[in-house]
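The values are calculated or read from the model by the stated rules, or taken from the named source; none is laboratory data. Because the structure is a prediction, the values reported are computed rather than measured. Here the Cβ positions follow ideal geometry from the backbone for every residue, glycine too, while neighbour counts run over all protein chains shown. We work out accessible area using only protein heavy atoms, side chains counted, and drop any ligands, DNA or RNA first. Shrake-Rupley method; radii C 1.70, N 1.55, O 1.52, S 1.80 Å.
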Amino acid sequence: MDTALGYFLTSWLDPDLLVLVAVGTLAGIYIGAIPGLSVTMAVSILISFTYAWDTNEALALMVGIYMGGVYGGSRTAILLNIPGAPAAIATALDGYPLAQRGEAGRAIGVTTVVSFIGGLVGIAALGLAAPLVAEVSLMFAPRDYMLLGILGLLLVASLSGESLVKGVIAGAIGILVSMVGLDTMTAQPRLTFGSTALLSGVSYVAVMIGMFGIAEALVQLHTIGSPMVKQNVDRIVPSLATVVKHLPLALRCSAIGVWIGALPGAGGDIAALMAYDHAKKSIEKPSRPFGQGAYEGLVAPEAANNAAVGGAFIPMLTLGIPGDAVTAVIIAALFVHGLRPGPNLMVDTPHLFWFTVGNLTLANIFMLVFGLTGIRLFAKIVEVPKAILLPIVGVLSVVGAYAINNNLADVWWAVGFGILGYVLRVYGYQLGPVVLGVILGPIVEANFRRTMIGVHESWAGFALELVSHPITLVLLLGIVSSVLRGTPFWPRLAAKLRRSAGRAAG
Amino acid sequence: MTSSHPRHPGEFVLTLLLIAGTLLLGREALRISGLSGPSSPGFGPLAMIVVVLVGLLVELLRAALGRSGEREPTPVRLRRFAAAVLPPPVLGAVPLLILYLIGLELLGFVIASIVFLTVAIGLLLHDRPPHSRILLAVAVAGGTVATIRLLFQELFQVLLP
């Protein structure tokens, strides 16, 4: 326990790491707040810059950016009705009407405090649940990892974008990208078209920089002409009575955030929308009608999306399965530093787990401090025109892609995937499943092949494996339900099931 | 079959192009080890190609069914396509980005980046008076490149292109 506490406090007691967490959180708040710049974009670009760093330093910075960025998106959602990040979409629904009423300062104060509360709940869940999940995951067989990977891809495919089919296509494209190069089991070249340059595969960091940096910048060019709105913000520290009044809802929504965040592939954006929906259904007398400036409509999504941060780290650190796009990028960073997230990470490198929990807690505290101060500087930075910001993102993406191997080929890959990502985005394909496919592809494929070898390549044996173990069966049911939800028959089937359940209860 | 999501201009053609690309990839995947066994190195790529192809065929069908019976005149359709997919800023940014990469190889990071940033910012700030936007673009480009050199070479210790 003392050792765990020591690991937990590493960044708290080391001035360099403390500063990195603080800088990361501050940068995250601003990056998250600037419409067009996303946390995923920032972390993707940063990975390559931290290659030469110590793992602890790289993680301290990234964790800070992640925590700050999820919160930062709420600022512009409230002030400008432009969510700085997808996780703040629900926040804009009531946040902007509050700003129009002249209550922007109070709204920002409330979101800051409930984000802090949500963050703490998520971190507590991570600290308590992850060791248990890690123990259970030691019982996982290769088939379970395969199913978990597929479940993650299906969840993110079905919950984001226009259609499940487009999500599945995007995920499969990501898996195909991960298969380019020498096969890890037989060293046979795959999908290389005879090119020796492709034998080492496509750098997943280049794919991420392209998809989240360049593609996003190109998409943002569509709204380049939209005018920047000047902001006027007063005192923002909320009263204790306000906080106490909203605490029960914040805690309930934090639980939703942890649960959604912990699902492989689903992150803060989905958690926030589900929490908003929960608040609408569960609060009978909101401070104002929802959509017209209800504080409950701010509390619910903001508590949930920050709680989802801790939740997203649970599958990442215990199973090696990313909880969302940012943790997918952080997994890539851990790979770069020679670490393999998964059940053995808790056994082999327990310091890394408690170090991450300590960093998240520290970032959460910094988020509260920075969130309640520095508003004037904030207002100036988010007013920087996109015409200046987006070309700079382009240059940073190029520098980041080059830094992977000090090779211009990676820059060309990043730009190529950026253009592909732009086209896919414009046509309604989400890029999250592509990147998750790149990360999860090798996990799914390797474990599928191991399972098939284990059953002597017999499809009947494979099918039997899928239904003869409780953990496997649960995961399989999750996949079936995920697929069903994406079909047009689901609403009718769900209504029929509800009617049957009602009749049985009656 | 009905569709629940919006049609995008040019979606039918894009889906056809994606199908053609996937078939090309399929031919390459077949060369790996064919279908010699589910644990063979070629099975995974082929399986994913089948998934992509089936998905794209569903999307192709949706796009085909979603086409309106009364076809709009070609210039109208092209205008809608340009507005939704290739608005002027994107149309300018992609070739500029490619020229920037060529410039990186020929001129090095500092000069290529300053030129890229100046041109890109200058073009995107088209609503400002010419002299002020050129001044602003040059100042931002110079400042950004200097900051990147200082920050990334000194702090992050990464090599620049």
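Looking only at the stretch A:170-192, filter to residues that are of a type in the set (G, A, S) and crowded, with 19+ Cβ neighbours inside 10 Å; which one of those is nearest to the other protein chains (Cβ to nearest Cβ)? Spell out the reasoning first.
Quick first cut of the stretch A:170-192, residues of a type in the set (G, A, S) only: A:170-172, A:174, A:178, A:181, A:187.
Imposing the further condition that a residue be crowded, with 19+ Cβ neighbours inside 10 Å reduces the set to A:170-172, A:174, A:178.
On the way: A:A170: 9, A:G171: 9, A:A172: 4, A:G174: 9, A:S178: 9 Å.
In this case the residue turns out to be A:A172.
Could you check, for the stretch A:476-495, whether at least one of its residues is over 27 Å from the mean Cα position of the chain (by Cα) and either open to solvent by less than 40 Å² (accessible area, probe 1.4 Å) or at pLDDT 90 or above (or both)?
Yes, the stretch A:476-495 contains a residue that is over 27 Å from the mean Cα position of the chain (by Cα) and either open to solvent by less than 40 Å² (accessible area, probe 1.4 Å) or at pLDDT 90 or above (or both).
Could you name every one of the helices (runs of 4 or more DSSP H) located completely within the stretch A:1-67 that has at least 2 residues being modelled with pLDDT of 90 or more and out of contact with any helix residue (DSSP H, G or I) (no Cβ under 8 Å at 6 or more places or on another chain)? Before you say what the answer is, go through the steps one by one.
Values: elements: A:2-8, A:10-13, A:15-33, A:39-49.
In the stretch A:1-67, the matching helices (runs of 4 or more DSSP H) lie at A:15-33.
Kindly indicate whether A:V395 is closer than 30 Å to B:L160 by Cβ and free of Cβ contacts under 8 Å to residues at least 24 places away in the same chain. Before the answer, list the steps.
Values: closer than 30 Å to B:L160 by Cβ: yes; free of Cβ contacts under 8 Å to residues at least 24 places away in the same chain: yes.
Yes, satisfied.
Step by step: first the residues of the stretch A:193-228, then only those that are hydroxyl-bearing (S, T, Y) and assigned to a helix (DSSP H, G or I), then the one that is nearest to the other protein chains (Cβ to nearest Cβ). Which residue is that? Steps first, answer last, please.
Narrowing the stretch A:193-228 to residues hydroxyl-bearing (S, T, Y): A:195-196, A:200, A:203-204, A:223, A:226.
With the extra rule that they be assigned to a helix (DSSP H, G or I), the set shrinks to A:196, A:204, A:223.
Values: A:T196: 15, A:Y204: 16, A:T223: 10 Å.
Filtering the stretch A:193-228 for residues that are hydroxyl-bearing (S, T, Y) and assigned to a helix (DSSP H, G or I), the one nearest to the other protein chains (Cβ to nearest Cβ) comes out as A:T223.
Which ones in the stretch A:447-497 are more than 12 Å from chain B (Cβ to nearest Cβ) and β-branched (V, I, T)?
A:V467, A:I471, A:T472, A:V474, A:I479, A:V480, A:V483 - these are the residues of the stretch A:447-497 that are more than 12 Å from chain B (Cβ to nearest Cβ) and β-branched (V, I, T).
Can you tell me which residues in the stretch B:19-47 are among the aliphatic types (A, V, I, L, M) and open to solvent by 40 Å² or more (accessible area, probe 1.4 Å)?
So in the stretch B:19-47, the residues among the aliphatic types (A, V, I, L, M) come out as B:19-20, B:23-25, B:29-30, B:32, B:35, B:46-47.
Correct list: B:A20, B:L23, B:L24, B:L25, B:L30, B:L35.
So which of B:V52, B:V119 is buried (at least 19 other Cβ atoms within 10 Å of the Cβ), facing another protein chain (nearest Cβ under 10 Å), on the phi < 0 side of the Ramachandran plot and part of a helix (DSSP H, G or I)? Before you say what the answer is, go through the steps one by one.
Values: B:V119 fails: buried (at least 19 other Cβ atoms within 10 Å of the Cβ).
So the residue among B:V52, B:V119 that is buried (at least 19 other Cβ atoms within 10 Å of the Cβ), facing another protein chain (nearest Cβ under 10 Å), on the phi < 0 side of the Ramachandran plot and part of a helix (DSSP H, G or I) is B:V52.
Among residues belonging to the stretch B:137-161 that are touching a helix residue (DSSP H, G or I) at 6+ places or on another chain (Cβ under 8 Å), at pLDDT 80 or above and open to solvent by 50 Å² or more (accessible area, probe 1.4 Å), point out the one that is nearest to the other protein chains (Cβ to nearest Cβ).
B:R149
Give the residues of the stretch A:252-273 that are open to solvent by 40 Å² or more (accessible area, probe 1.4 Å) and touching a Phe, Trp or Tyr at 6+ places or on another chain (Cβ under 9 Å), sorted by residue number.
None - no residue of the stretch A:252-273 is open to solvent by 40 Å² or more (accessible area, probe 1.4 Å) and touching a Phe, Trp or Tyr at 6+ places or on another chain (Cβ under 9 Å), so the list stays empty.
Return yes or no: is A:L132 in the same structural domain as A:P301 (by TED's automatic domain parsing), among the hydrophobic types (A, V, I, L, M, F, W, C), open to solvent by 10 Å² or more (accessible area, probe 1.4 Å) and at pLDDT below 85?
yes
Across the stretch B:68-85, which residue is modelled with the highest pLDDT among those that are more than 9 Å from chain A (Cβ to nearest Cβ) and part of a loop (DSSP other than H, G, I, E, B)?
Only one residue tops the list, namely B:P73.
So B:Y100 ticks every box in (1) at pLDDT 80 or above; (2) open to solvent by 30 Å² or more (accessible area, probe 1.4 Å); (3) at the interface with another protein chain (Cβ under 9 Å from one of its Cβ atoms) but one. Which box is left unticked?
If we test B:Y100 against (1) at pLDDT 80 or above; (2) open to solvent by 30 Å² or more (accessible area, probe 1.4 Å); (3) at the interface with another protein chain (Cβ under 9 Å from one of its Cβ atoms), just (2) comes out false.
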